[in-house]
Each structure stands twice: as structure tokens, then as C-alpha cells.
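In what follows, a structure is listed as C-alpha cells, so that the remarks can point back to it.
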Amino acid sequence: QVQLVESGGGLVQAGGSLRLSCAASGTFFRFNTMGWYRQAPGKERDLVAVITSANGSNYADSVKGRFTISRDNAKNTVYLQMNSLQPEDTAVYYCYLKALGPQYWGQGTQVTVSS
């Protein structure tokens with residue numbers, strides 16, 4: 001059973017920063033992709049950023065230059081450093097892990113950016 005445990009969400013003013021963390025536990029293929037998606041009220045869940053175990057990364061256009069994804073393979077943990085946050089970044093952020101076939105989701109952490 002794979003579990004993803006997120007932390008680091010919260011309330012921040014526009015222009016501020018937050019750092020999300022997600023630790024994966026259980027048994028899964030060591031070559032994998034981890035990352036973050038987000039879902040705002042009334043909207044679909046969208047990609048924010050993903051990173052492979054070889055440190056290849058991909059970002060949504062809306063966060064390029066503001067967010068940075070990184071990972072620690074020894075700890076099976078992925079991080080999302082979010083700078084210059086804007087109200088439109090307000091959403092529930094979900095951690096994601098895909099290892100060969102299966103994909104897994106965390107329970108989500110709320111990020112709220114006030115104007």
C-alpha cells in the first residue's frame with residue numbers, strides 16, 4: 001500500500017511564499033514521477049509541476065518562474081517551493097506519484113492566497 005502524506009499548506013498574502021512537502025511510503029518502483037496537481041473550487045484538477053526520479057521536470061505555464069519542484073530520492077519526498085503567490089493560486093494541492101502503471105494521490109492540502 002502506497003501512502004502520500006502532504007504538509008506545508010496554509011494561508012498567505014499575495015506575494016508571499018509557501019513550501020509544500022510530500023513523503024511517499026510503501027512499495028513502488030524506484031523509477032517514478034512525483035509531483036503536484038491543484039484543484040480550485042468548481043474547476044478541474046490541473047498539473048502544477050512534476051519531476052522524475054532522474055530530476056527531469058515539467059511545469060504549468062502559469063507557475064513557471066515562480067514555483068520550483070525538487071525531490072529527495074533517498075527520502076521518497078517531493079517539494080514544491082512556491083514564490084510570488086497570487087490569489088489565483090488558491091486551490092487544494094494534491095501530491096502525485098506514478099510508478100510504471102499505478103498512480104497514487106495524497107489527500108490534498110489547502111493553499112489560500114489573500115489579496
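The values are calculated or read from the model by the stated rules, or taken from the named source; none is laboratory data. None of the values given here were measured: they were computed from a predicted structure. Ideal geometry is used to build each Cβ from the backbone, glycine not excepted, and the neighbour counts take in all protein chains shown. These area figures cover heavy atoms from the full protein model, side chains too; ligands, DNA and RNA do not enter into them. Shrake-Rupley method; radii C 1.70, N 1.55, O 1.52, S 1.80 Å.
With contacts taken as Cα pairs under 8 Å at a separation of at least 6 residues, the stretch 42-95 carries a relative contact order of 23 percent.
Loop-located trypsin sites (Lys or Arg not before Pro) across the stretch 1-57 with a Cβ neighbour count of 11 or fewer within 10 Å are R30, K43, with loop assigned by DSSP. With both labels modelled 7 Å from their Cα along Cα-to-Cβ, the T52 to R30 distance reads 1.7 nm.
Carbon-plus-sulfur fraction of the accessible area of the stretch 1-76, 1.4 Å probe, in percent?
The value for the stretch 1-76 is 47 percent carbon and sulfur by accessible area.
Summary value for the chain: 36 percent relative contact order, contacts being C-alpha pairs under 8 angstrom separated by 6+ residues. Computed on the Cα trace of the stretch 53-106, the radius of gyration divided by the Kirkwood hydrodynamic radius gives Rg/Rh = 0.98. Rounded to the nearest 10 square angstrom, L80 shows an accessible area of 0 square angstrom against a 1.4 Å probe.
If you wrap the tightest convex hull around every Cα atom of the chain and split its volume per residue, you get 94 Å³.
Under the rule a/c < 1.5 gives rounded, and otherwise a/b versus b/c splits prolate from oblate, where does the stretch 1-49 land using the Cα gyration tensor? Note, shape of the stretch 1-49 comes out prolate.
For the pair R66 and Q107, label points projected 7 Å from Cα toward Cβ lie 2.8 nm apart. At what distance in angstrom do the alpha carbon centres of the stretch 75-115 and the stretch 1-69 lie from each other? Going from one Cα centre to the other spans 4 Å. Heavy-atom accessible surface of the chain, averaged per residue, reaches 53 Å², computed with a 1.4 Å probe.
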